[in-house]
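Q: Shown below is the structure under consideration.
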Amino acid sequence: MKKDIKKASGISRRTMLTATGAAAASAAFLGGKAPLYAAGKHKLRYIAFINRKTVWGKPYDFLAAEVDRLSNGELEIEYAGGSDVVGGFDAPEAIANGVFDMSHSANAYFAGAVPASISLASGNASVDQLRESGALDAYSDMVMKQRGVMMMGVPLSGVGYVFQVRGRPGEMSYFKGKKIRSIPLYDPILSALGATPVTTSPAEAYTAMERGVVDGLGWPDIGLLDFKFYEQAKFIMLPTFYQLRTATLMNPNAFKGLPPELQKVLIEANRSADAIGAKWAQEKRDAEHAEMVKAGVEFVSLSDAEAKQFTSLTEEKLWANITKAAPEDSAVLKPLFDKAG
C-alpha cells in the first residue's frame, strides 16, 4: 500500500515548497469576499497522536485557525480524534493508507519505517535554520520515500527533553539498574546510562509508574502536567537534551486532491502555525515549570562536567543509532544538521 501511495503522489518536499512563494498572494485573494470554488468547502480529517486535551492536541487549533483565516473558510481541517481513535504509533500508517488525511506525530513514532526520523531531535537549531541548511528538506524527502507520507511542518519546537524520576538524579550514575519508560529516541541514552528502557504508550506511562513497572520516564519538557506525573515522580534532571520537533504528516493523495490554490494556502498555513506553535511551546514550558515547583517537583542539575558529558552522550548515541540502522541516510543528514548549528 505504501508503495502505491508513493508512486501515485510523485511529490517531493522540494517540489511542494516551490509553491510557498506564491502562497501569500493566493491567501490574499482568498481573503476577498468572493469564494474561489463554487463547490464550497474542502475538508481534511486530522488526528493527533495523543488526546486533544493535552498539549499535543494544541497544534490542531493553531493549524485549523490559520487554514480558516488564509482560505477564507474554503478549506476546513476537521479534528477526527487522538489516541482514543488511533494509537500514536499507528497514526503514521493510518495517514499513509489514507484512513485520515493529516496528523500531528512524534518523529520517534515512525522510526520503525524511517530509522533516521529521530534525527529531527538533534542539535539546538531553530526550524528556520534547519530549512536554510537543507536538513529539513532532506529529512522530509526520506519520510516521503520510506513512509509514504508528506511532512508539512514542525508544529511544536523550541524546547528540550527531560527525564522525570522517583529518586534524586544528582549524578548520571542514578540511572544504573533503573527501568525508565522510553521510546526509540531515548533508548540508546538509557542503555548507555545502565538503565533498562521500557516502551509504553503515553497514555500508559502514569500507570506504569504507579504500579512500579518503571522508575521514571523520558518526556519532552512540555506536557508533563497533563498526565500528573509529579504525583509519582518528584525529580526532573537538568540539563535538557535534544530538541522537541514534532511533525505534521499528510497523505500525498489528499494533498493532490486539493485545488492548486488551496495546496499553496495549506503550505503557508503550516508555516504560520509552526511559528505560533514554537512560541506557545516555550511559554507553556515556563508556565508548567512554575506549576510543578508548586506541586513539589525539584529540578536537579548535574555538575557542569557531567552536564557536558551527558549532552555529548545524547548526541553521540542519537547519531550512532541512526548510522547503524540507516548509514546512507545518516551520511546525508548529519552534515546538514551540523551546518544548521
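The values are calculated or read from the model by the stated rules, or taken from the named source; none is laboratory data. The structure presented is a predicted model; accordingly, all values stated were derived computationally and were not measured. So basically every Cβ, Gly included, is an ideal-geometry build from the backbone, and we count neighbours across all protein chains shown.
Yes/no per residue for (1) under 28 Å from VAL99 (Cα atoms); (2) touching a Lys or Arg at 6+ places or on another chain (Cβ under 7 Å):
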{"position": "ALA247", "(1), (2)": "yes, no"}
{"position": "ASN270", "(1), (2)": "yes, no"}
{"position": "GLY296", "(1), (2)": "no, yes"}
{"position": "PHE299", "(1), (2)": "no, no"}
{"position": "ALA307", "(1), (2)": "no, no"}
{"position": "THR311", "(1), (2)": "no, no"}
{"position": "THR314", "(1), (2)": "no, no"}
{"position": "TRP319", "(1), (2)": "no, yes"}
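Q: Also, quick follow-up: When you scan segment 178-189, do you find a residue that is without any contact (Cβ under 8 Å) to a residue 60 or more places away in the chain, among the aliphatic types (A, V, I, L, M) and in contact with a strand residue (DSSP E or B) (Cβ under 8 Å, 6 or more places away or on another chain), even just one?
A: Looking for residues that are without any contact (Cβ under 8 Å) to a residue 60 or more places away in the chain, among the aliphatic types (A, V, I, L, M) and in contact with a strand residue (DSSP E or B) (Cβ under 8 Å, 6 or more places away or on another chain), one finds at least one in segment 178-189, hence yes.
Q: Going by the structure shown, is PHE100 of a type in the set (Phe, Trp, Tyr) and either at pLDDT 90 or above or closer than 25 Å to VAL332 by Cβ (or both)?
A: Values: of a type in the set (Phe, Trp, Tyr): yes; either at pLDDT 90 or above or closer than 25 Å to VAL332 by Cβ (or both): yes.
Considered against the rule, which asks whether it is of a type in the set (Phe, Trp, Tyr) and either at pLDDT 90 or above or closer than 25 Å to VAL332 by Cβ (or both), PHE100 comes out as yes.
Q: Another one. Given the criteria over 24 Å from ASP90 (Cα atoms) and not in a helix (DSSP H, G or I), does GLN129 qualify? I'd like the intermediate steps shown before the answer.
A: On the way: over 24 Å from ASP90 (Cα atoms): yes; not in a helix (DSSP H, G or I): no.
Spelling it out, it is not the case that GLN129 is over 24 Å from ASP90 (Cα atoms) and not in a helix (DSSP H, G or I).
Q: Does at least one position in segment 165-173 carry a residue that is assigned by TED's automatic domain parsing to the domain that holds VAL332, free of Cβ contacts under 8 Å to residues at least 60 places away in the same chain and outside any helix (DSSP H, G or I)?
A: As a first pass, look at segment 165-173 and keep what is assigned by TED's automatic domain parsing to the domain that holds VAL332: 165-173.
Okay, now just the ones that are also free of Cβ contacts under 8 Å to residues at least 60 places away in the same chain, so 173.
Then keep just the ones that are outside any helix (DSSP H, G or I); that gives none.
So far as segment 165-173 goes, no, none of its residues is assigned by TED's automatic domain parsing to the domain that holds VAL332, free of Cβ contacts under 8 Å to residues at least 60 places away in the same chain and outside any helix (DSSP H, G or I).
Q: Right, something else. Pull up segment 148-190, narrow it to residues that are at pLDDT 95 or above and charged (D, E, K, R), then point me to the one that is nearest to VAL127 (Cα to Cα).
A: Within segment 148-190, the match that is nearest to VAL127 (Cα to Cα) is ARG181.
Q: Hey, another quick one. Return the only residue of GLY123, GLY73, GLY88 being within 25 Å of LYS324 (Cβ to Cβ), assigned to a loop (DSSP other than H, G, I, E, B) and out of contact with any Pro (no Cβ under 7 Å at 6 or more places or on another chain).
A: Values: GLY73 fails: within 25 Å of LYS324 (Cβ to Cβ); GLY88 fails: out of contact with any Pro (no Cβ under 7 Å at 6 or more places or on another chain).
Criteria check complete, one pass: GLY123.
Q: Being basic (Lys, Arg) and surrounded by 21 or more Cβ atoms within 10 Å (Cβ to Cβ) is the filter here, so list the residues in segment 234-261 that pass it. Let's see the steps before the verdict.
A: Of the residues in segment 234-261, the ones basic (Lys, Arg) are 234, 245, 256.
Passing the criteria: only ARG245.
Q: Run down LYS264, LYS334 and say which single residue is in contact (Cβ under 8 Å) with a residue 60 or more places away in the chain, crowded, with 18+ Cβ neighbours inside 10 Å, outside the structural domain of PHE110 (by TED's automatic domain parsing) and part of a helix (DSSP H, G or I). Reasoning before the result, please.
A: Numbers: LYS264 fails: outside the structural domain of PHE110 (by TED's automatic domain parsing).
Only one candidate qualifies: LYS334.
Q: Among what's in segment 138-156 and is outside any loop (DSSP other than H, G, I, E, B) and under 16 Å from LEU63 (Cβ atoms), pick the residue that is farthest from the chain's Cα centre (by Cα).
A: By that ranking, first place goes to MET150.
Q: Give PHE227, PHE255, PHE241, PHE299 a once-over and let me know the one that is at pLDDT below 95 and not small (Gly, Ala, Ser).
A: When all the criteria are applied, what remains is PHE227.
Q: Kindly establish whether SER122 is hydroxyl-bearing (Ser, Thr, Tyr), within 26 Å of GLY277 (Cβ to Cβ) and over 14 Å from the mean Cα position of the chain (by Cα).
A: Working: hydroxyl-bearing (Ser, Thr, Tyr): yes; within 26 Å of GLY277 (Cβ to Cβ): yes; over 14 Å from the mean Cα position of the chain (by Cα): no.
For SER122, the condition - hydroxyl-bearing (Ser, Thr, Tyr), within 26 Å of GLY277 (Cβ to Cβ) and over 14 Å from the mean Cα position of the chain (by Cα) - is not met.
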